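This report concerns only the one structure given below.
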Amino acid sequence: MTAHRAATGRTPGPGRGPRLGLLWHQIRYEQLSFWRNPQSALFTFAFPVVVMAIFGALFGGIGKSAFYYGRSALQYYVSTIAAVSVLGSCYSQLAIVLATRRQNGILKRVRATPLSAFAYFVGLLAHCVLVGVVDVLLITAVGRIYGVSLPAASQWPSLAVTLVLGGAAFCALGVAVASSVHNAEAAPPVVQLVLFPLVFVSGTYMPIHSAVLNGIAGALPVKPFNDALLRAFTTDQGGLPWRDYGVLLLWGIAGTAVAVRRFRWAPRTR
């Protein structure tokens, strides 16, 4: 250390190795915690699969039409159900988990450890995105059973960017919502109150053909995510949906700003 200070005039900070090690440890911890509750894990993966199977039975015979923007019904629903499954893992569950951990004092204890806030949240975000990706793979497999084609090879990069960017944006919004929830009991209704209107107005369960509603929904985070996934799943066009990415990025930045300003590690005293 003395030689380093003499050469550079600075005291060496912590190396990347320990920081990356803590981050990997946090991702692994979140995964182990998730799988140690098999009932919750099973429901997380079974719910979108069951929904997709029901939609396949109901709409499997509907071919391409203008109502579904030139796609078949199942091409449309594979994309939108995949989107809502990512919303569930990266927004709903994250907000509820954080509110519960804060009320139980877990976050306060985590804050007293060498683990940085950055590593904690990046590890949690990575876990949520991984769960969302597994959900998307399962939904794609069910769609394939009903004859829905896999995304074109040229769309795999776009699909990967969409899932990571969308997952990160919704994680940021989930943390922002969790920062405004006073207790764990209030978390589920608050989360659903925000989510349900967005899901329906964004055309997740039925295409919306109102120009006014589409204009409003296009400025909110769910419809751009739906549209980016629909494009990745059903076209072979080159390029990336930059406008959709821009909206998701802005909402992710807004969610991060609210979370940084308002998030509390300890339970509220009143």
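The values are calculated or read from the model by the stated rules, or taken from the named source; none is laboratory data. Values in this document were obtained by computation on a predicted structure and should not be read as measured data. Note that we place each Cβ from the backbone using ideal geometry, even for glycine, and neighbour counts take in every protein chain shown. What goes into the accessible areas is simple: the full protein's heavy atoms, side chains included, and nothing from ligands, DNA or RNA. Shrake-Rupley method; radii C 1.70, N 1.55, O 1.52, S 1.80 Å.
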Of the residues that make up the range 1-20, is at least one of a type outside the set (D, E, K, R), open to solvent by less than 40 Å² (accessible area, probe 1.4 Å) and at pLDDT below 85?
yes
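Give the number of residues within the range 50-68 that are touching a Pro at 6+ places or on another chain (Cβ under 9 Å) and not hydroxyl-bearing (Ser, Thr, Tyr).
If we filter the range 50-68 for residues that are touching a Pro at 6+ places or on another chain (Cβ under 9 Å), which is where we start, we get 67-68.
Subset that is not hydroxyl-bearing (Ser, Thr, Tyr): 67.
Qualifying residue count, the range 50-68: 1.
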Pick out, from the range 178-270, the helices (runs of 4 or more DSSP H) lying fully within it that include 1 or more residues that are open to solvent by 80 Å² or more (accessible area, probe 1.4 Å) and within 24 Å of residue 55 (Cβ to Cβ).
187-201
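Here's a check for you: in the range 87-101, which residue that is over 16 Å from the mean Cα position of the chain (by Cα) and open to solvent by 10 Å² or more (accessible area, probe 1.4 Å) is nearest to residue 184 (Cα to Cα)? I'd like the intermediate steps shown before the answer.
Filtering the range 87-101 for residues over 16 Å from the mean Cα position of the chain (by Cα) gives 99-101.
Next cut, open to solvent by 10 Å² or more (accessible area, probe 1.4 Å) only: 100-101.
Values: 100: 5, 101: 8 Å.
Per the stated criteria, the residue is 100.
What tally of residues in the range 129-168 results from selecting those that are of a type in the set (Gly, Ala, Ser) and over 14 Å from residue 241 (Cβ atoms)?
Total meeting the criteria: 9.
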Hey, among the residues in the range 107-131 that are surrounded by fewer than 14 Cβ atoms within 10 Å (Cβ to Cβ) and of a type in the set (A, V, I, L, M), which one's farthest from residue 257 (Cα to Cα)?
112
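Among the listed residues 104, 37, identify the single one that is without any contact (Cβ under 8 Å) to a residue 60 or more places away in the chain, of a type outside the set (Phe, Trp, Tyr), surrounded by fewer than 13 Cβ atoms within 10 Å (Cβ to Cβ) and closer than 27 Å to residue 185 by Cβ. So that I can check it myself, show each step before the final result.
Details: 104 fails: without any contact (Cβ under 8 Å) to a residue 60 or more places away in the chain.
Going through 104, 37 in turn, the sole match is 37.
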Residue check, residue 162 open to solvent by less than 10 Å² (accessible area, probe 1.4 Å), in contact (Cβ under 8 Å) with a residue 12 or more places away in the chain, β-branched (Val, Ile, Thr) and closer than 30 Å to residue 50 by Cβ
yes
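If you go through the range 147-159, how many residues are crowded, with 16+ Cβ neighbours inside 10 Å and more than 18 Å from the chain's Cα centre (by Cα)? Lay out the reasoning, then the answer.
Of all residues in the range 147-159, those crowded, with 16+ Cβ neighbours inside 10 Å come to 148, 151, 155, 158-159.
Subsequent filtering for residues that are more than 18 Å from the chain's Cα centre (by Cα) retains 148, 151, 155.
Summing the residues that are crowded, with 16+ Cβ neighbours inside 10 Å and more than 18 Å from the chain's Cα centre (by Cα) in the range 147-159 gives 3.
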Could you check, for the range 109-130, whether at least one of its residues is among the polar types (S, T, N, Q), touching a residue at least 12 places away in the same chain (Cβ under 8 Å) and assigned to a helix (DSSP H, G or I)?
no
